[in-house]
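These notes are about the structure you will find just below.
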Amino acid sequence: MSAAQTATTNEQARAQAFVELGFDTTQALMLAATRIEGECVDPNHVRRLLDCGCSHDLALRIVV
């Protein structure tokens, strides 16, 4: 498997994790593709924001 295929597979897995957190497909793909200082958005970080009472829209604005 090439590096590009691995990156795509990892991005798909992250997108699925965001869908499971309740984001729609477009939001999940945006979160999965977003890099902050070279780092991927961590679904666990987003889960903590949601657990603290953030709406999905607010959590998206915070991390993107």
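The values are calculated or read from the model by the stated rules, or taken from the named source; none is laboratory data. Nothing here was measured: the structure is a model prediction, and the numbers come from that model. Quick reminder, even Gly has a Cβ in these numbers, built from the backbone with ideal geometry, and neighbours come from all protein chains shown. Protein only, heavy atoms only, side chains kept; ligands, DNA and RNA dropped before computing areas. Shrake-Rupley method; radii C 1.70, N 1.55, O 1.52, S 1.80 Å.
If I take R0 = 30 Å and measure r between the Cβ atoms of residue 61 and residue 19 in this structure, what FRET efficiency does the formula 1/(1 + (r/R0)^6) give, to the nearest 0.05?
Once rounded, the FRET efficiency stands at 0.95.
Might you tell me the accessible area per residue for the chain, computed with a 1.4 Å probe and given in Å²?
About 66 Å² of surface per residue is accessible.
Can you pull the percent of the chain's accessible area that's carbon plus sulfur, 1.4 Å probe, other chains left in place?
About 54 percent, which is the carbon plus sulfur part of the accessible surface.
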